[in-house]
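Report on the following structure.
The values are calculated or read from the model by the stated rules, or taken from the named source; none is laboratory data. None of these values were measured; they are calculated from a predicted model. A quick note on method: Cβ atoms are made from the backbone with ideal geometry, for glycine too, and the neighbour counts reach across all protein chains shown.
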């Protein structure tokens, strides 16, 4: 078994090279806490998902689990049987990651959520509360070239755009 420390995994994640960091615990457990870029690849489904997650068998793969059950070691054996050549197990699993001072994240799609939050805060993206859009007309997508339907949809979109512009400028004034 090829072991790799959490510190080395963090260095690799921060570096310019590629790395597949796979959490082989079941998805529900993964969602409760995992390193930021770890992708869920449950041992029970590993053979089904590995080709999509890591199509190139020479790509570096780091496997992790909770550090107690031996799931990562079992996954390493499976991947070697499938001819993956650069497979390591992170020592200590998620417990080792946390003990090394790194954060565990909960939920799904963590990188995309983090990116959205960064953009929202950095660029002061306006927020729209659900109650605020309750009275807005529904957007209808027109598939036909019926001139009356297109004109109606265009009028609706213009009205929606005008309301959005007014609300946006009101928000900007209240922030100043």
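Couple of notes before you dig in:
- The lone exception for residue 125 - which of (1) under 21 Å from the mean Cα position of the chain (by Cα); (2) closer than 30 Å to residue 158 by Cβ; (3) not in a loop (DSSP other than H, G, I, E, B) it fails: (3)
- The set of residues in the range 9-33 being surrounded by 15 or more Cβ atoms within 10 Å (Cβ to Cβ) and in contact with a strand residue (DSSP E or B) (Cβ under 6 Å, 6 or more places away or on another chain) consists of 9, 20, 21, 22, 23, 24, 30.
- Test: residue in the range 17-29 that is assigned by TED's automatic domain parsing to the domain that holds residue 109, more than 20 Å from residue 107 (Cα to Cα) and either in contact with a helix residue (DSSP H, G or I) (Cβ under 6 Å, 6 or more places away or on another chain) or in a helix (DSSP H, G or I) (or both): yes
- Exclusive hit being modelled with pLDDT of 95 or more, crowded, with 19+ Cβ neighbours inside 10 Å and closer than 24 Å to residue 101 by Cβ, set 6, 42: 6
To keep it simple, each residue is scored yes or no on (1) modelled with pLDDT under 80; (2) surrounded by 11 or more Cβ atoms within 10 Å (Cβ to Cβ); (3) part of a loop (DSSP other than H, G, I, E, B); (4) in contact with a helix residue (DSSP H, G or I) (Cβ under 7 Å, 6 or more places away or on another chain).
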position	(1), (2), (3), (4)
83	no, no, yes, no
103	no, no, yes, no
117	no, yes, no, no
135	yes, no, yes, no
145	yes, no, yes, no
150	yes, yes, no, no
156	yes, yes, no, no
168	yes, yes, no, no
171	yes, yes, no, no
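- Listed conditions (1) within 21 Å of residue 9 (Cα to Cα); (2) outside any helix (DSSP H, G or I); (3) out of contact with any strand residue (DSSP E or B) (no Cβ under 7 Å at 6 or more places or on another chain) are all met by residue 74, apart from (2).
- Verdict on residue 61 being in contact with a strand residue (DSSP E or B) (Cβ under 7 Å, 6 or more places away or on another chain), in the same structural domain as residue 102 (by TED's automatic domain parsing), modelled with pLDDT of 95 or more and over 16 Å from residue 78 (Cα atoms): no
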